[in-house]
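The values are calculated or read from the model by the stated rules, or taken from the named source; none is laboratory data. Just so we're clear, the structure is a prediction, and the values are computed from it rather than from any experiment. Because the Cβ atoms are built from the backbone with ideal geometry, glycine has one as well, and the counts that use them run over all protein chains shown.
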């Protein structure tokens with residue numbers, strides 16, 4: 001068993017965490033950019049889990065599995081999302097804590 005399995009597990013966990021963060025931000029704000037990111041996060045999470053399974057079960061294709069995880073992470077982070085933070089700290093950004101305001105309400 002290679003150490004790359006742990007790297008793949010951590011990368012898959014990061015992809016799933018960022019997807020859930022985007023879903024939480026969409027739920028609290030209703031912004032359409034985060035809605036799209038939350039929907040596409042399901043696909044990217046599946047790609048990351050596929051990459052983890054390839055890394056774990058197929059010993060000869062560890063690099064392919066890690067490449068899929070990196071691709072999912074790259075696609076998840078590089079989405080067109082609105083800027084919602086102004087002067088918040090890194091913990092607020094990491095956890096996705098934003099003021100609860102709905103974009104479609106007055």
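Name the one entry in 15, 98 that is in contact (Cβ under 8 Å) with a residue 40 or more places away in the chain, in a helix (DSSP H, G or I) and touching a helix residue (DSSP H, G or I) at 6+ places or on another chain (Cβ under 8 Å).
Working: 98 fails: in a helix (DSSP H, G or I).
Selected residue: 15, the only one of 15, 98 that is in contact (Cβ under 8 Å) with a residue 40 or more places away in the chain, in a helix (DSSP H, G or I) and touching a helix residue (DSSP H, G or I) at 6+ places or on another chain (Cβ under 8 Å).
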* Asked: Got a sec? Which of 71, 66, 76 is closer than 12 Å to residue 4 by Cα and surrounded by 14 or more Cβ atoms within 10 Å (Cβ to Cβ)?
  -> 66
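Can you pull out every residue in the range 90-106 that is surrounded by fewer than 10 Cβ atoms within 10 Å (Cβ to Cβ) and either within 22 Å of residue 19 (Cβ to Cβ) or at pLDDT 80 or above (or both)?
Here is the first cut: in the range 90-106, the ones surrounded by fewer than 10 Cβ atoms within 10 Å (Cβ to Cβ) are 90-91, 99-100, 104-106.
Those that are surrounded by fewer than 10 Cβ atoms within 10 Å (Cβ to Cβ) and either within 22 Å of residue 19 (Cβ to Cβ) or at pLDDT 80 or above (or both): 90, 91, 99, 100.
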* To do: Starting from residues that are touching a helix residue (DSSP H, G or I) at 6+ places or on another chain (Cβ under 8 Å) and part of a helix (DSSP H, G or I), keep the ones in the range 25-35 and report whichever is surrounded by the most Cβ atoms within 10 Å (Cβ to Cβ).
  => 34
